[in-house]
Structures are given as C-alpha cells and as structure tokens.
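The structure under discussion appears below in the form of structure tokens.
The values are calculated or read from the model by the stated rules, or taken from the named source; none is laboratory data. Remember, predicted model here, so these are calculated numbers, not experimental data. Cβ sites come from the backbone with ideal geometry, for glycine too, and all protein chains shown count toward neighbours. For accessibility, only protein heavy atoms count, side chains too; no ligands or nucleic acids. Shrake-Rupley method; radii C 1.70, N 1.55, O 1.52, S 1.80 Å.
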Amino acid sequence: MTRVLILGSGPDVAEAADWTRAPFDLIVAINNAWRVRDDWDIHIYPTDFPVDRRPRDMHDHQRIVQADDYVPVQNTYGGFVYAGGTMAFTAGYWALGALRPSLMAFAGCNMVYPASGATHFYGTGTADPLRPDVTLRSLPAKSARLHVHAARQGCTCVTVTGADSVLTFPRATPDVLPTTPAPFDAGLAAQADAMEARLDYVVPSGKYWKEEDRFDPAQIDALDALWLGAVS
C-alpha cells in the first residue's frame, strides 16, 4: 500500500512544502520541484533538464530517474503519444509502473498558468504542457487516461493542491486520502484501448516528435474524447 506524492512546479506546490510526510511513503519530485522540500526520494527529469538545476548533494535514500528509466516503463502503457509528452504524465506513468502504488497524489501539477505573475513556484517559467504538441491537444483527456490505467491497477489518482486544474482526478487533502479509485466507464476505456491499437502510434525510442508527421490530430482528438468520456 504505497502512497506517492508527486511534486510539480506550479505555484500551488508551495502548499506541500510544510506538510508532514506521514501520509506518504515516497515523494517524487519533477524537474525543479526537488527544491520544494528536502525529503524527496526520487528526482525525475528529461534529458534536456539543465545540469545547473539538478541537485548537487543527495542523501543515501535519494535517487535519480532519467529517460533510460522512464521510457521503457512508459512504453508498457502505450507510449508518449497516447500518454502525453510532458513530465507530469511521464512521472505518473513511471511511478505507476515502477513503484506500483496504491495512491498517487499530484501537487503543483495542475497545468493552469496565470496570465501575469509567477507561473511556477520559483518565479516565471515556460509552460511546457501548453507548447504546440500533438500529444498535448487535450490535457484533461491525458489525465483521464492516466486515471483509468491507474485504476486498473487499483491505484487512486488525486490532486491535492490548487483551486483550478486541468486534471480530471478527484480532489483530496493529505489528511483525507481516498482508499479506492474513482469509477470509470470500462466500455469506453476498452474502445479507447482498441483505437490505440488500431492507430499504432507507438514510438519505442520515446522520441515521438521525430515521427510526428504520421500522427493525425483528428484521430488523436477522437481518442481523447473517448478517454474523457470514460471518466466523465
């Protein structure tokens, strides 16, 4: 019964800075979020994450997860085109496959960015999930897909910070965490699975942008609609 707290870089992640660790067994920090609190266990980041932003000193219990670790796990869940090519989802799928948690709580991963002021807990940054990318046409749909895959493993996904979110996960607080996944429509999820198999938008290397010309946005939108419908 492993409960995992996943930290992103949204301004609201500051809410999690002083939480007691007790509700969670492991803390996964994405990109810069290792700076939010020093008791993180796993730092996950993409290949292009700047070296000068990585932690220099680590405790014995802390470890790094990079592309060589998360790409194979992501592929077991269908790959980046279907999962969504941004690190919040990548971290979620990696944790789901590698840690086999009973719960994943997402903090600072709401992917809602103010028009002015701080966009991230450390100030103003680039809103990676909002970049033009065929895999990120519907962020809610991608979160719905993760919700379904997690629920199939008996894992609950929740969001635990912020007032607004593109994530479709139920809301929770660290002191009241659900013990069972929210329901989903198994029939629509099965249709989405079948459509993914038919489209075969799989890129084992993880470098889907090198093959983007073969992905039809209209088909991706139709697939996203199925995943969204499965959790509506």
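Brief remarks on what is shown
- Counting every alpha-carbon pair across region 51-94, the share separated by more than 12 Å comes to 64%.
- Highest-fluctuation residue, A189, A22, A91 considered, GNM on the chain with Cα pairs under 10 Å: A22
- Using a probe radius of 1.4 angstrom, the carbon and sulfur fraction of the accessible surface of region 162-223 is 56%.
- DSSP-defined beta bridges in the chain - what % are antiparallel, rounded to 5: 10
- Close amide H contacts of V203 (hydrogens built in the peptide plane, cut-off under 5 Å, sequence separation of 5 or more or a different chain): F80, V81.
- For the chain, the relative contact order comes to 22 percent (Cα pairs under 8 Å, sequence separation of at least 6).
- Relative contact order, whole percent, for region 73-122 stands at 28, derived from Cα pairs under 8 Å and 6 or more residues apart.
- Angle of helix 67-76 to the longest C-alpha principal axis of the chain, folded into 0 to 90 degrees and rounded to 10: 40°.
- Rounded if a/c under 1.5, otherwise prolate or oblate - region 1-116, Cα gyration tensor axes: rounded
- Centre-to-centre, using Cα atoms only, region 53-112 and region 141-185 are separated by 16 Å.
- Taking Cα atoms only, the orientation of helix 217-231 departs from the longest principal axis of the chain by about 70 degrees.
- Probing with 1.4 Å while keeping every protein chain in the model, the per residue accessible area of the chain equals 45 Å².
- The length gained by stretching the chain between M58 and A22 to full extension, at 0.36 nm per residue less their Cα-Cα distance, is 10.9 nm.
- Estimated distance in nm for a label pair at A197 and T124, the labels positioned 7 Å out from Cα along Cα-to-Cβ: 4.9
- Using only side-chain charges placed at the Cβ, +1 for Lys and Arg and -1 for Asp and Glu, the dipole size of the chain relative to its Cα centre rounds to 140 debye.
- Note on the chain: with a GNM built from Cα contacts shorter than 10 Å, the maximum mean-square fluctuation among R171, R214, R21 falls on R214.
- Rounded, prolate or oblate (a/c below 1.5 giving rounded, otherwise prolate when a/b exceeds b/c) for region 115-195 by Cα gyration tensor: oblate
- Acute angle (nearest 10 degrees) that the helix 87-99 long axis makes with the longest principal axis of the chain, alpha-carbon atoms: 90
- To put it simply, the accessible area of region 1-140 at a 1.4 Å probe is 49 percent carbon and sulfur.
- A protection proxy built from the mean count of other Cβ atoms within 10 Å ranks the segments 56-67, 172-183, most packed first, as 172-183, 56-67.
- In a reduced charge model with +1 at each Lys and Arg Cβ and -1 at each Asp and Glu Cβ, region 33-161 shows a dipole moment near 420 debye about its Cα centre.
- Cα convex hull volume per residue for the chain (Å³): 120
- Value of [θ]222 nm, deg cm²/dmol, for the chain, DSSP H segments ≥ 4, -39500 (n - 2.57) each, nearest 500: -9500 deg cm²/dmol
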